[in-house]
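The values are calculated or read from the model by the stated rules, or taken from the named source; none is laboratory data. Since the model is a prediction, treat every value here as computed from it, not as a measurement. Backbone-built Cβ (ideal geometry, glycine too); neighbour counts: all protein chains shown. Quick note on the areas: whole protein, heavy atoms, side chains included, nothing else; ligands and nucleic acids left out. Shrake-Rupley method; radii C 1.70, N 1.55, O 1.52, S 1.80 Å.
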Amino acid sequence: MRIILTGGGTGGHIYPALAFAKYLKTVDNNAEILYIGTDKGLESKIVPAAGYDFKTIDIQGIRRSLSLQNFVTAWKYIRSTLVAKKIIQDFKPDIVMGTGGYVCAPVVNAAIKLGIPTILHEQNAVPGVANKHLASGVTKIVVAFHHAEKYFPKNKVVFAGNPRAQEVADIQPSDIIKNFGLDPNKRTVVIFGGSRGALTINEALVKALPKLAEQKYQILYASGEIYYDNYKEEFEKYSGKGNIVIRPYLSNMSELLSSIDLIVARSGATTIAEVTALGLPSIFIPSPNVTNDQQTKNAMELVEAGAAVIIKDSELTAELLIQSISDILEDTVKYSEMQEASRKSGVPDASERLYKIIKEIVN
């Protein structure tokens, strides 16, 4: 199989594509994969580092307010569509898959115009602008949340989950907790606000530290690089001196998730795919700075299933954080119910499902 993958801007668009690429190589050793992105996006570093061929187009996102930059965007869209056509004609893919972000729009559009089969993968409960724009012309649309189905033509949309779920589900539990000086036999909570961290979570966590230090469970917290120095003095009073360890960043998150008991985090699509694949109960604090309040809508599907609870970013306090964690970990019945609900919500064979859909289209 020859496939072009495209998507970028955020890791949420890139990592599902790479997770599927990794799976594809395990079932089809002769598969040829080309990734198209921009030279300024995260994909320009992440994709080549993962070992995949990478080509670029020059495109930018549309402004949501009146701006002369939108005329530049329109011109770049036309030009990048022509460049994408040439790349597609040279590569001769069997199918082109877009995972969202403005970079995928001209690539998928070019494939549609060339009569190449196309597929969209929508990770969020509410679709992004690019995928909405492309929906009418593509061959098939795969969603990771049932909530997203209503935004697309019924005859094209199918639920298959997020490929990151299968990638994480295959990781075996380990004693990685020991690497942080924590007890692998104790209940462990990971708290993080994304790779860059989150101000409100840091503020609540700092105030919660004295009480958290008294709990029977243990905490592994990632503050984010940009916030660590701001609270370094307070962090160092508690980190590594009991049941709390604080780091600026946790690079081995996937392995950690398979070895902990509860997660407190933002509710990005990739995070949700990972925790449900592992049957992990969750406390979500959706980011208020995401378009269309996507993270709240992502989390609500799990809240309604009984797999998670939500704390609004604006309502987060140290007291509420501690109480929410304790309510779950100290109630064995509630914990087991959330664990089972999370497992039922997960799609640990997401890549396999996606592959079957693609095979049906290509054949």
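For the stretch 70-90: of the residues being open to solvent by less than 60 Å² (accessible area, probe 1.4 Å), at pLDDT 85 or above and aliphatic (A, V, I, L, M), which is nearest to Val103 (Cα to Cα)?
The extreme case among them is Ala84.
Show the residue pairs meeting these rules: Cβ distance below 7 Å; 6+ apart or different chains; first residue within the stretch 27-47 and without any contact (Cβ under 8 Å) to a residue 60 or more places away in the chain and assigned to a loop (DSSP other than H, G, I, E, B); second residue open to solvent by less than 30 Å² (accessible area, probe 1.4 Å) and of a type outside the set (D, E, K, R).
Listed by first residue and then by second, the contacts come to Ala31/Ile3; Ala31/Leu24; Leu42/Gly8; Leu42/Gly11; Leu42/Ile14.
Under 9 Å between Cβ atoms, which residue pairs at least 6 apart in sequence (or on different chains) link something in the stretch 94-111 that is within 19 Å of Gly11 (Cβ to Cβ) and touching a residue at least 12 places away in the same chain (Cβ under 8 Å) with a partner that is acidic (Asp, Glu) and open to solvent by 10 Å² or more (accessible area, probe 1.4 Å)?
Listed pairs, sorted by first residue: none to list.
Residue by residue, here is whether (1) without any contact (Cβ under 8 Å) to a residue 40 or more places away in the chain; (2) more than 18 Å from Gly161 (Cβ to Cβ); (3) in a loop (DSSP other than H, G, I, E, B) holds:
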| site | (1), (2), (3) |
| --- | --- |
| Thr271 | yes, no, no |
| Ile283 | no, yes, no |
| Pro286 | yes, yes, yes |
| Gln294 | no, no, no |
| Lys297 | no, no, no |
| Glu301 | no, no, no |
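When only residues in the stretch 105-121 that are part of a helix (DSSP H, G or I) and not polar (S, T, N, Q) count, which is nearest to the chain's Cα centre (by Cα)?
Once the filter is applied, the top-ranked residue is Ala105.
Just to be sure, is Val96 in a strand (DSSP E or B) and either in contact with a Ser or Thr (Cβ under 6 Å, 6 or more places away or on another chain) or of a type in the set (Lys, Arg) (or both)?
Considered against the rule, which asks whether it is in a strand (DSSP E or B) and either in contact with a Ser or Thr (Cβ under 6 Å, 6 or more places away or on another chain) or of a type in the set (Lys, Arg) (or both), Val96 comes out as yes.
Out of curiosity, is Ile244 open to solvent by 10 Å² or more (accessible area, probe 1.4 Å) and among the aliphatic types (A, V, I, L, M)?
Here the answer is no, as Ile244 does not meet what is asked.
Filter the stretch 278-328 down to residues that are open to solvent by 20 Å² or more (accessible area, probe 1.4 Å) and among the aliphatic types (A, V, I, L, M), then give me how many there are.
10
Quick check, is Asp58 open to solvent by less than 90 Å² (accessible area, probe 1.4 Å), in a loop (DSSP other than H, G, I, E, B) and either modelled with pLDDT of 95 or more or among the acidic types (Asp, Glu) (or both)?
So Asp58 passes the test.
Filter the stretch 183-204 for residues that are open to solvent by less than 10 Å² (accessible area, probe 1.4 Å) and in contact with a strand residue (DSSP E or B) (Cβ under 6 Å, 6 or more places away or on another chain); which is farthest from Gln339 (Cα to Cα)?
Ile191
Of the numbered conditions (1) part of a loop (DSSP other than H, G, I, E, B); (2) open to solvent by 70 Å² or more (accessible area, probe 1.4 Å); (3) modelled with pLDDT under 90; (4) not β-branched (Val, Ile, Thr), Ser67 fails exactly one; give the number of that condition.
(2)
Kindly indicate which of Glu301, Glu337 is modelled with pLDDT under 95 and among the charged types (D, E, K, R).
After ruling out the rest, the residue left standing is Glu301.
Identify all residues within the stretch 141-151 that are buried (at least 22 other Cβ atoms within 10 Å of the Cβ) and over 16 Å from the mean Cα position of the chain (by Cα); write none if there are none.
Within the stretch 141-151, just Ile141 meets the criteria.
At pLDDT 95 or above and not in a loop (DSSP other than H, G, I, E, B) - does that describe any residue in the stretch 126-140?
Yes: one or more hits.
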